[in-house]
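S.K.: One structure, pasted below without further comment.
The values are calculated or read from the model by the stated rules, or taken from the named source; none is laboratory data. Worth saying up front: this structure is predicted, and the values here are computed from it rather than measured. No Cβ is skipped: glycine too gets one built from the backbone with ideal geometry, and neighbour counts run over all protein chains shown.
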Amino acid sequence: MNGVRVLVGTRKGAFVLTSDAKRERWDISGPHFTGWEIYHLKGSPVDPNRLYASQTSGWFGQIIQRSDDGGKTWHQPGTPPGEPTTTPEGMPKGESNKFVYDTSPETGKPLTTHQWYDGTPHPWEFKRVWHLEPSLSDPDTVYAGVEDAALFRSTDGGKTWQELSGLRGHGSGPHWQPGAGGMCLHTILLDPNNPKRIFIAISAAGAFRTDDGGKTWQPINRGLHSLYIPNPTAEVGHCVHRIAMNRSRPGVLFMQKHWDVMRSDDAGESWHEISGNLPTDFGFVIDVHAHEPDTIYVVPIKSDSEHFPLDGKLRVYRSRTGGNEWEALTKGLPQSDCYVNVLRDAMAVDSLDKCGVYFGTTGGQVYASADAGDSWAPIVRDLPAVVSVEVQTLS
Amino acid sequence: MIRVTLPPHLRKLAQVEGEVMLNVEGPVTQRSVLDALEATYPMLRGTIRDHLTQKRRAFVRFFACSEDLSHEPPDAPLPDAIATGKEPFMIVGAIAGG
């Protein structure tokens, strides 16, 4: 059966929505992990039934959940209940929720501090997983972007996690500062043509790229201009909210920065602004049409202190020209008294013939368009505040 | 048997209802009770005390026999009523927020 599975993370649990390819009727399963914040869920492109979820709580910390049946059942991939938590030699066994920064002398001894909001040194402290990015080739390999900003990888299906410490240790780490939402690594893009190349983004450090599978990293922020930092064109310090690519053209990147929508045609080596005629270029989400690599979507938000749509009108903006020329998409979206936000991980596209576009709001609605944005309808409403939306196209 | 009560979020995570019953070898202390709890329910590791430092998480409290033991040393003996199973060792999520 062709169909779509939408994975929704909210402030109080996870929801799984499924539909056939018409995308008209939706079955809703959930809430899963009730009461916990679900920052992100994502499925493996290799095995669509393999899902990973980040379950987190200010009280009880970080849990990683895994499903091997498309979200029907979940388990923590570490040591099963009732089994010893240590090996016969006394060594700890796999624990799915253990994220420990690398301080080994061989790989980093890194970096014990970053900058706090006031510019003073602050120790790196693990808080939560913001984003999970399954490998494009192996269902047991998955990357995790965490707060305080770092990149981890599991190669055993989420049982154990190791930091790719070259990112924090590449040189600029001591100058990174948190954004309003914390110092989070929120975007991970894997290059489908080059398994050694990964792009990541951190608020508020900027974008980075590795070309050797995560050993070494370089900042890729040339061309960004941020008036809110002491040096507007600094190598790091930019509050990048989201980066997106079309898989057919991974050297072209689109970015929603704190303010400004940006584009790079050289894998991040340089960026130029494409905000064009947007009514405001502040926002969080950005995504690219599955089949048209120059068709991109953003949801403009009024300002950095007013996190809601301009004039109370929820409008997705679409550019079919790779930026600069934008059209408002309003059909089916509330056009008065709407004051929700759309968070950075809360937009996704499917890859059906007519590309579907999906986004979730802090008001608990998930809107979907089965015609590439021309018209919209809520496929669920009144959920807890939506943090993330991912889509799997099933065949 | 040692009786332990968990906050609702952790009961769900451990897939248990009501109190948890544990066998604890040797002296009954916060550490030995939590070690036994995590050995039986490994999914709780890291949720009550930090993975590395083994310190109590900031928003978790320990109570027993109407006393707040959150700040007692982890190797201090727990009250006899806990050791004999007369009273439960209570793990409580701090009330915070609104």
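S.K.: Among the listed residues A:Gly158, A:Gly119, which satisfies the condition of being assigned to a loop (DSSP other than H, G, I, E, B) and out of contact with any strand residue (DSSP E or B) (no Cβ under 7 Å at 6 or more places or on another chain)?
M.R.: Matching residue, one of A:Gly158, A:Gly119: A:Gly119.
For every residue, the table says whether it meets (1) among the aliphatic types (A, V, I, L, M); (2) touching a Pro at 6+ places or on another chain (Cβ under 8 Å); (3) buried (at least 20 other Cβ atoms within 10 Å of the Cβ).
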| residue | (1), (2), (3) |
| --- | --- |
| A:Ala244 | yes, no, yes |
| A:Lys257 | no, no, yes |
| A:Ser264 | no, no, yes |
| A:Glu269 | no, no, no |
| A:Ile274 | yes, no, yes |
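S.K.: Of everything in region A:198-217 that's closer than 23 Å to A:Val261 by Cβ and part of a loop (DSSP other than H, G, I, E, B), which residue is modelled with the lowest pLDDT?
M.R.: A:Ala204
S.K.: When region A:346-370 is examined, which residues are found to be without any contact (Cβ under 8 Å) to a residue 60 or more places away in the chain and touching a strand residue (DSSP E or B) at 6+ places or on another chain (Cβ under 9 Å)?
M.R.: A:Thr361, A:Thr362, A:Gly363, A:Gln365, A:Tyr367, A:Ser369 - these are the residues of region A:346-370 that are without any contact (Cβ under 8 Å) to a residue 60 or more places away in the chain and touching a strand residue (DSSP E or B) at 6+ places or on another chain (Cβ under 9 Å).
S.K.: Name the one entry in A:Ile202, A:Ile198 that is hydrophobic (A, V, I, L, M, F, W, C), surrounded by 21 or more Cβ atoms within 10 Å (Cβ to Cβ) and over 19 Å from A:Ser388 (Cα atoms).
M.R.: After ruling out the rest, the residue left standing is A:Ile198.
S.K.: Moving on. Going through region B:25-40 one residue at a time, which ones are within 12 Å of the chain's Cα centre (by Cα) and either facing chain A (nearest Cβ under 9 Å) or surrounded by fewer than 19 Cβ atoms within 10 Å (Cβ to Cβ) (or both)?
M.R.: Answer for region B:25-40, where residues must be within 12 Å of the chain's Cα centre (by Cα) and either facing chain A (nearest Cβ under 9 Å) or surrounded by fewer than 19 Cβ atoms within 10 Å (Cβ to Cβ) (or both): B:Arg31, B:Asp35, B:Ala36, B:Glu38.
S.K.: If you don't mind, another one. Need the failing condition index for B:Glu25 against (1) in contact with a Ser or Thr (Cβ under 8 Å, 6 or more places away or on another chain); (2) within 17 Å of A:Phe60 (Cα to Cα), just the number.
M.R.: Against the list (1) in contact with a Ser or Thr (Cβ under 8 Å, 6 or more places away or on another chain); (2) within 17 Å of A:Phe60 (Cα to Cα), B:Glu25 comes up short only on (2).
S.K.: A further question on this structure: Test A:Phe254 against the stated conditions and say whether it is within 30 Å of A:Asp350 (Cβ to Cβ) and in a strand (DSSP E or B).
M.R.: Yes, satisfied.
S.K.: In region B:1-23, which residue that is closer than 25 Å to B:Pro79 by Cα and within 8 Å of another protein chain (Cβ to nearest Cβ) is surrounded by the most Cβ atoms within 10 Å (Cβ to Cβ)?
M.R.: Selected residue: B:Leu10.
S.K.: Here's another thing I want to ask about it. Quick one: which of A:Glu163, A:Glu95 is more than 23 Å from the chain's Cα centre (by Cα), of a type in the set (Asp, Glu) and crowded, with 20+ Cβ neighbours inside 10 Å?
M.R.: A:Glu95
S.K.: Something else: Filter region B:43-60 down to residues that are surrounded by fewer than 17 Cβ atoms within 10 Å (Cβ to Cβ) and more than 7 Å from every other protein chain (Cβ to nearest Cβ), then give me how many there are.
M.R.: 5
S.K.: To continue, here is another question. Here is a list: A:Asp260, A:Asp294. Which entry is within 20 Å of the chain's Cα centre (by Cα), farther than 23 Å from A:Gln365 by Cβ and among the charged types (D, E, K, R)?
M.R.: Of A:Asp260, A:Asp294, the one residue that is within 20 Å of the chain's Cα centre (by Cα), farther than 23 Å from A:Gln365 by Cβ and among the charged types (D, E, K, R) is A:Asp260.
S.K.: Related question: Scan region B:61-81 for residues that are away from chain A (no Cβ under 12 Å) and either in contact (Cβ under 8 Å) with a residue 60 or more places away in the chain or under 13 Å from B:Val92 (Cβ atoms) (or both) and jot them down.
M.R.: B:Phe62, B:Phe63, B:Ala64, B:Ser66, B:Glu67, B:Asp68, B:Leu69, B:Ser70 - these are the residues of region B:61-81 that are away from chain A (no Cβ under 12 Å) and either in contact (Cβ under 8 Å) with a residue 60 or more places away in the chain or under 13 Å from B:Val92 (Cβ atoms) (or both).
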